[in-house]
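The values are calculated or read from the model by the stated rules, or taken from the named source; none is laboratory data. Bear in mind that the values here come from a model prediction, so they are computed numbers and not experimental data. FYI the Cβ positions are ideal-geometry reconstructions off the backbone, even for glycines, and counts take in every protein chain you see.
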Amino acid sequence: MPQTFDVCIRGAGVVGHTLALLLARERLRVALVEGPPAQTVDVRAYALNAASRQLLQLLRSWPDPVHATAVTRMQVRGDQDGEVLFDAADQGVDALAWIVDVPALETRLAEAVRYQPQVERVSAPVPAALTAICEGRASRTRTEWGVEFDVQPYPQHAIATRLTCEFPHGQVARQWFSQGSILAFLPLDGAEGNSVAVVWSVPAQQVPDLLALDEDSFAQHLQAASGGVLGELRLSSARAAWPLQLAQARHWCGPVGHGAPAGAHSWVLAGDAAHNVHPLAGQGLNLGLGDVQGLARVLSAREDWRSLADVRLLRRYERQRKAEIFPLGLAMDGLQQLFSRTEAPLQLLRNWGMNNFERSGLLKNWMTQRAMDSH
């Protein structure tokens, strides 16, 4: 007798695995479509907030401390004298965020799925009442099914790599805004570590020359851009680069149309397949995990008579998540636009703004709490 599924999830990354585990807790039969194995090691690291950590702990998928480094302080510096400091102790918490190693998190999620009998890994899409598209920003299914995806390209690319540093990071996340670029050093390898994950957003025209540099020369550029705060730097991984964009699907759900497998009824988007924001605040995966938690909550609370494929049900999820994501996306876009400009008056304005935000007290605390707790 052929296996029947309630939900088919296309995309077996962090978002897809998390959704599968959440839906399995609701006793739904889930097919998780695996793609071909990655050909390269993922050099990225995710900044996850308290809400994401709580969700992954619930699913028994939170990595060990050495692979989930607690950030106790954050330093953000402008291109003149602007500076904002965030401290976990000021918020009465142990950490502002956790920098999580991507391969370690994926391994924990895969282990959890392996022991979840409600989830079956499949090599190709299968019929189901609901197809969840979690394939990332370049989703093939979204394109094949004609889902409109509005993209606003930024004149920047992100370059990611990892560094071994002369000095320990001290559990401090550091970020520099300078001359149209944004450089972030994210602490890795636990509280005593001296490794960092790098995300460097630079003007697109600079990327070929930077990637063409040998490892020592590239590390010297990073050392200069960071003011030598962690001493001598040495690359410890390959480099990866990708274009940055602000994007969102016009619709996040709908009935399945032409090109879908027989037996598929409705579709829904989650994670980067639904929306992209600039990485300057490190909120991308937090938003994706918020999507799957919101979708699972809506499906769990549905009326007894309502099918998983009911588009009116899925639109509840779409409305809720769009309303929650819109303010953050707007803020990140505004910051990107402000800090990508090099005119002297704007430099003065943004550094003045940073210093006033640092002294704002209640506003700064409110924004910090929102970043730590929101999905």
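Numerical summary
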item	result
Entirely in the stretch 175-269, the strands (runs of 3 or more DSSP E) that have 2 or more residues that are more than 20 Å from Gly136 (Cα to Cα) and in contact (Cβ under 8 Å) with a residue 24 or more places away in the chain	181-188, 195-203, 233-235
Residue that is nearest to the chain's Cα centre (by Cα) [pool: residues in the stretch 81-91 that are at pLDDT 85 or above and either surrounded by fewer than 19 Cβ atoms within 10 Å (Cβ to Cβ) or among the hydroxyl-bearing types (Ser, Thr, Tyr) (or both)]	Asp87
Scope the stretch 291-304; condition farther than 18 Å from Arg29 by Cα and of a type outside the set (Gly, Ala, Ser); matching residues	Asp291, Glu303
Pairs with Cβ under 7 Å, 6+ apart, first in the stretch 293-311 and under 16 Å from Ala270 (Cα atoms), second in a loop (DSSP other than H, G, I, E, B)	Gln293/His375; Leu295/Ala270; Ala296/Glu26; Leu299/Glu26; Leu299/Leu308; Ala309/His265
Some residue of the stretch 111-125 being in a loop (DSSP other than H, G, I, E, B), touching a residue at least 60 places away in the same chain (Cβ under 8 Å) and within 30 Å of Thr72 (Cβ to Cβ)	no
Candidates Glu303, Glu232 - the one that is of a type in the set (D, E, K, R), more than 18 Å from the chain's Cα centre (by Cα) and either over 29 Å from Arg174 (Cα atoms) or modelled with pLDDT under 95 (or both)	Glu303
Failed criterion for Leu32 (all others in (1) within 30 Å of Ala129 (Cα to Cα); (2) more than 18 Å from the chain's Cα centre (by Cα); (3) outside any strand (DSSP E or B); (4) of a type outside the set (Ser, Thr, Tyr) hold)	(3)
Options Ala204, Ala191, Ala197; residue that is modelled with pLDDT under 95 and under 26 Å from Ala95 (Cβ atoms)	Ala191
Among residues of the stretch 44-68, those that are within 21 Å of Leu287 (Cβ to Cβ) and surrounded by 18 or more Cβ atoms within 10 Å (Cβ to Cβ), counted	16
Verdict on Leu23 being at pLDDT 95 or above and part of a helix (DSSP H, G or I)	yes
Tally of residues being modelled with pLDDT of 95 or more and part of a strand (DSSP E or B) across the stretch 62-80	4
Which listed residue is farther than 27 Å from Thr164 by Cα and surrounded by fewer than 18 Cβ atoms within 10 Å (Cβ to Cβ), from Thr18, Thr4, Thr40	Thr4
Residue in the stretch 242-249 that is aromatic (Phe, Trp, Tyr) and surrounded by 15 or more Cβ atoms within 10 Å (Cβ to Cβ) present	no
